[in-house]
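Single-structure report; data block below.
The values are calculated or read from the model by the stated rules, or taken from the named source; none is laboratory data. Because the structure is a prediction, the values reported are computed rather than measured. Ideal geometry is used to build each Cβ from the backbone, glycine not excepted, and the neighbour counts take in all protein chains shown. Please note that ligands, DNA and RNA were not included when accessible areas were found on the heavy atoms of the full protein model with its side chains. Shrake-Rupley method; radii C 1.70, N 1.55, O 1.52, S 1.80 Å.
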Amino acid sequence: MKIDVIVGLQWGDEGKGKIVDYLAPSYDMVARFQGGPNAGHTIKIEDDQYVLHIMPSGIFHDKMLNLIGSGVVIDPVILMKEITQLEAININVREKLLISKKAHLILPTHKLIDAASEFSKGKKKIGSTLKGIGPTYMDKTGRNGLRVGDIFLDNFKEKYQILKEKHLRFLKQFNIVPEFDIENEEKSFFEKVNMLKRYKILNTEYFINDFLNSGKRVLAEGAQGTMLDINHGTYPFVTSSNTITAGVSVGLGVAPSRIDKVIGIVKAYTTRVGSGPFPTELNDETGEKLRQKGHEFGATTGRKRRCGWIDIPQLRYSIMINGVTDIALTKLDVLNNFDPVKIGVSYRLEDNTETNQLPYDLVNIKVEPIYEELQGWNQDISNIRTLSGLPENAFSYIERLKNDLKTPISFISVGPERSALIINE
Ligand code: GDP
Ligand code: IMO
Ligand code: MG
């Protein structure tokens, strides 16, 4: 059996959680392969809304296993908080959750370094979620990190102290170090680490490969988006992990040849939270209208998301990097009352030439998007469940995207609920 993958094709918050939750019943396991509690995946089940930061989005389904792979970084305090909330609604997390021994731990001082680094950068800050993601991956690649499996070692506290002291020395170089109640943070960290020992912490690489060999189906759930990938995103305004399909193999310990379908999630417009280039960003009332209609405020930090039109060169790049086989187009209903609806089709560079490729130095140069206008549909589509039931102009918008992106659009989401989905078979 092979693995199917869900990845975000923009700058995150494309609606990955909703699509994973919808598709989960066709699988036996949902697995997170990268990132950490910087993610915020929102799932709406009837009148209740849940935001998951670290837990895979299959956790609400019966009999479904949920795996946190070795490519993920875990804050035990946030994970235990999430587990406690899920257990309070009678979800059997002890049965359904598997955690890789190789996943790295976010220490309290990783969060402190994140904050000190961001505050010291001033205007040049990344706009990090300040969850300690970057510093934890730095320790991982620097070969200094602590892993989940280490919590069972007799000398875990000693290892922790060594790393913490290293962090305290490192912090001296920053001109701004925020106030931090290290004693309390540390107390809570060790409490939650102890609680975590009651859950299934395994060599998940063996588990997942045996699971696949026995004919079970796995859905890999990406966090963030392609443009936030550490290698292929808008560096340095990115996160610190591989958010793309290739990250699945590394972050779960499965061979690349195991990967089958890659479902790329695309919002019907574009958003970005945090700093960095965003060619089709709208700093006007249309951008504000997108933010209001789409409720574009961060699920993790509550920050305003920057908004703009859909960007074809950016999406073609993401489709190429990820090997996308199917697109799930989300939040089409947000465009209900926009007329015209615009799509960015290429970029004009500073020397007046035109390109449909993402420039390497997008961070340093100004690109002006060239738009085409399509007629809006001026009609509520949130109750429509078939492609043929869509207004003609909404249908044309989808057809136009399909042709420009040269990829089938297999799902069209028209509302936050599980059921608000059109399947295009
Ligand atoms: P993720 O990080 O990619 O999982 O996305 P988020 O959960 O951070 O942000 C997507 C937001 O849009 C959430 O509040 C979802 O409930 C909501 N959402 C998802 N799909 C749709 C849709 O088709 N229409 C509308 N109106 N909202 C949606
Ligand atoms: P989901 O999974 C949107 C952004 C941050 C910042 C940059 C680096 O919900 O789509 P980090 O905390 O990793 O140091 O932040 O990446 N970012 C996200 N933006 N959605 C996310 O996750 C994000 N996770 C990180 O805003 O610009
Ligand atoms: Mg999100």
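Among the residues of the range 2-14, some residue qualifies, meaning at least one is surrounded by fewer than 23 Cβ atoms within 10 Å (Cβ to Cβ), over 20 Å from GLY127 (Cβ atoms) and modelled with pLDDT under 95. Of everything in the range 22-42 that is within 9 Å of ligand 2 (Cβ to nearest atom) and surrounded by fewer than 24 Cβ atoms within 10 Å (Cβ to Cβ), the residue that is nearest to MET80 (Cα to Cα) is GLY40. Scanning the range 280-306 for residues that are part of a helix (DSSP H, G or I), closer than 28 Å to LEU130 by Cα and away from ligand 1 (no atom under 16 Å from the Cβ) yields GLY287, GLU288.
Here's a check for you: in the range 326-359, which residue that is within 25 Å of the chain's Cα centre (by Cα) and polar (S, T, N, Q) is least open to solvent (accessible area, probe 1.4 Å)? Across the range 326-359, the extreme among qualifying residues is THR330. Only residues that are within 11 Å of ligand 2 (Cβ to nearest atom), of a type outside the set (S, T, N, Q) and open to solvent by 40 Å² or more (accessible area, probe 1.4 Å) were counted in the range 274-306, giving 2. The residue list ILE59, ILE19, ILE54, ILE45 contains one member that is under 14 Å from the mean Cα position of the chain (by Cα), more than 10 Å from ligand 1 (Cβ to nearest atom), in contact (Cβ under 8 Å) with a residue 12 or more places away in the chain and open to solvent by less than 50 Å² (accessible area, probe 1.4 Å), which is ILE54.
LEU130 fulfils the conditions (1) at pLDDT 95 or above; (2) in a helix (DSSP H, G or I); (3) not assigned by TED's automatic domain parsing to the domain that holds GLY36 except for a single criterion, (2). In the range 374-395, the qualifying residues are those that are open to solvent by 50 Å² or more (accessible area, probe 1.4 Å) and not in a loop (DSSP other than H, G, I, E, B), and the one that is nearest to GLY264 (Cα to Cα) is PHE395.
Going through GLY58, GLY35, GLY17 one at a time, which residue ends up being within 13 Å of ligand 3 (Cβ to nearest atom) and either under 22 Å from LYS102 (Cβ atoms) or in contact with a helix residue (DSSP H, G or I) (Cβ under 6 Å, 6 or more places away or on another chain) (or both)?
Matching residue, one of GLY58, GLY35, GLY17: GLY35.
Among residues of the range 283-303 that are touching a residue at least 40 places away in the same chain (Cβ under 8 Å) and farther than 16 Å from LYS342 by Cβ, those with a beta-carbon under 9 Å from a residue that is within 12 Å of ligand 1 (Cβ to nearest atom) and of a type in the set (Gly, Ala, Ser) at least six positions away or on a different chain give the pairs GLY298/GLY40; ALA299/GLY17; ALA299/ALA39; ALA299/GLY40; THR300/ALA39; THR300/GLY40; THR301/GLY40. Give me a count of the residues in the range 186-240 that are touching a strand residue (DSSP E or B) at 6+ places or on another chain (Cβ under 7 Å) and open to solvent by 40 Å² or more (accessible area, probe 1.4 Å). Here the count works out to 4. For the range 407-425, what are the residues that are hydroxyl-bearing (Ser, Thr, Tyr), buried (at least 18 other Cβ atoms within 10 Å of the Cβ) and under 14 Å from ILE384 (Cβ atoms)? Selection gives SER413 alone.
Against the conditions (1) crowded, with 22+ Cβ neighbours inside 10 Å; (2) of a type outside the set (S, T, N, Q); (3) away from ligand 1 (no atom under 16 Å from the Cβ); (4) outside any helix (DSSP H, G or I), GLY251 satisfies every one except (4). Taken over the range 22-42, the criterion of being in a strand (DSSP E or B) and within 14 Å of ligand 1 (Cβ to nearest atom) is satisfied by VAL30, ARG32, GLY35, HIS41, THR42.
When the range 248-276 is filtered for residues that are closer than 11 Å to ARG306 by Cα and in contact with a Ser or Thr (Cβ under 8 Å, 6 or more places away or on another chain), the ones remaining, listed by number, are THR270, VAL273, GLY274, GLY276.
For the range 307-325, the criterion of a residue being part of a loop (DSSP other than H, G, I, E, B), farther than 15 Å from LEU9 by Cβ, open to solvent by less than 40 Å² (accessible area, probe 1.4 Å) and within 15 Å of ligand 1 (Cβ to nearest atom) is satisfied by no position. The residue that is least open to solvent (accessible area, probe 1.4 Å), among those in the range 114-151 that are within 16 Å of ligand 3 (Cβ to nearest atom) and closer than 17 Å to HIS167 by Cα, is ILE133.
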